[in-house]
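Asks: I'd like to ask you about the structure that follows.
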Amino acid sequence: MDKINIGVVTTSDRASQGIYEDESGKAIMETMKEYLKNEIEFYYRCVPDEKHIIEEALLDLSRDKKCDLVVTTGGTGPAPRDVTVDATLTVCDKILPGFGEQMRAVSLQYVPTAILSRQTAGICCSTLIINLPGKPKSIRECLDAVFPAVPYCLDLIGAGYMEVNEEVIKAFRPKGK
Ligand SMILES: Nc1ncnc2c1ncn2[C@@H]1O[C@H](COP(=O)(O)OP(=O)(O)OP(=O)(O)O)[C@@H](O)[C@H]1O
Ligand SMILES: Nc1nc2c(c(=O)[nH]1)N[C@H]1C(S)=C(S)[C@@H](COP(=O)(O)O)O[C@H]1N2
């Protein structure tokens with residue numbers, strides 16, 4: 001079974017200064033451990049909301065650490081310092097708008113302000129990058145909505161082969177793949 005490398009990037013001025021504990025980054029790692037049967041190596045970064053710092057983190061995790069998947073949390077909204085999506089758009093070779101569309105559609109069932117998130121996903125080198133909002137409770141809401149497509153996406157981009165815990169989440173791979 002492949003070992004899966006997963007980057008977790010929390011973008012938050014206050015969490016990066018230790019003013020509050022980063023619950024959202026922790027929730028991403030816990031969720032991945034529940035979803036996957038594979039051995040996982042996590043690469044964790046907690047950075048301030050600065051576009052060039054976020055870009056450096058995303059490039060390091062994708063191009064240099066060769067993560068299969070990078071999940072970000074925070075900085076997807078409309079405020080001046082919400083620049084995680086902008087950094088994602090800069091480093092990615094291809095954008096996958098369906099991820100953001102689906103996460104917003106599902107999130108609107110929980111909170112009307114879901115419409116404020118610009119979250120998206122894309123491919124950087126051979127890494128899938130997915131943006132999540134900052135609120136800890138949004139992590140599971142969003143990941144449950146899009147994760148079924150993640151293993152096949154990784155197959156298509158030449159990343160590691162994910163084996164999921166079927167009792168927790170279903171992966172969809174088209175027949176014969
Ligand atoms: N990584 C996190 N861990 C724990 N709580 C978080 C995290 N990110 C956000 N929150 C909570 O959700 C609330 C709203 O999230 P939001 O993304 O607006 O954070 P923020 O105020 O932009 O963070 P900052 O200004 O420090 O970058 C925060 O006030 C905080 O209570
Ligand atoms: N599933 C889900 N999506 C959500 C939320 C949430 O609580 N749950 N919060 C929304 C709010 S209040 C905002 S402002 C935007 C952007 O949040 P961010 O700037 O922390 O990324 O995400 C939205 N998406």
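Asks: Using r as the Cβ-Cβ distance of Glu34 and Tyr152, and R0 as 25 Å, what FRET efficiency do you calculate, to the nearest 0.05?
Replies: Result of the calculation: an efficiency of 0.80.
Asks: While we're looking at this one, here's another question. Want the number for Tyr110 to Glu166: 0.36 nm per residue separation, take away the alpha-carbon distance, what's left? Write down the numbers at each step before the final one.
Replies: Values: separation 56, 0.36 × 56 = 20.16 nm, distance 2.47 nm.
In short, 17.7 nm is gained.
Asks: Decide, for region 12-102, between rounded, prolate and oblate: order the square roots of the alpha carbon gyration tensor eigenvalues as a ≥ b ≥ c, take rounded if a/c falls under 1.5, and otherwise choose prolate if a/b is larger than b/c, else oblate. Could you put the intermediate results ahead of the total?
Replies: On the way: a/c = 1.44, a/b = 1.13, b/c = 1.28.
The shape class here is rounded.
Asks: Now for a different question. Give me the net charge for the shell around Thr113: Cβ to Cβ below 11 angstrom, other residues only, Lys and Arg +1, Asp and Glu -1.
Replies: Working: positive: Arg104, Lys135; negative: none.
Once all neighbours under 11 Å are counted, the net charge is +2.
Asks: Which value, in debye to the nearest 20, gives the size of the charge dipole of region 4-157 about its Cα centre, when Lys and Arg are +1 and Asp and Glu are -1 at the Cβ? Write out the running numbers ahead of the final one.
Replies: Details: 16 positive and 22 negative charges, 48 e Å.
Here region 4-157 has a charge dipole of around 220 debye.
Asks: With 32 Å as the limit, write out which pairs from Lys26/Lys175; Lys51/Lys170; Lys26/Lys170; Lys135/Lys175; Lys66/Lys175 have Cα-Cα distances beyond it, or answer none. Intermediate results must be reported in sequence, preceding the final value.
Replies: Details: Lys26/Lys175 34 Å; Lys51/Lys170 34 Å; Lys26/Lys170 22 Å; Lys135/Lys175 36 Å; Lys66/Lys175 28 Å.
Pairs exceeding 32 Å: Lys26/Lys175; Lys51/Lys170; Lys135/Lys175.
Asks: If you split all Cα-Cα distances of the chain into 10 Å bins from zero, what percentages do you get per bin, shortest first?
Replies: 10, 42, 38, 9, 1
Read-outs throughout are calculated quantities, based only on the coordinates presented, and are distinct from any laboratory measurement. Owing to the predicted nature of the structure, the values given are computational and were not obtained by experimental measurement. So basically every Cβ, Gly included, is an ideal-geometry build from the backbone, and we count neighbours across all protein chains shown.
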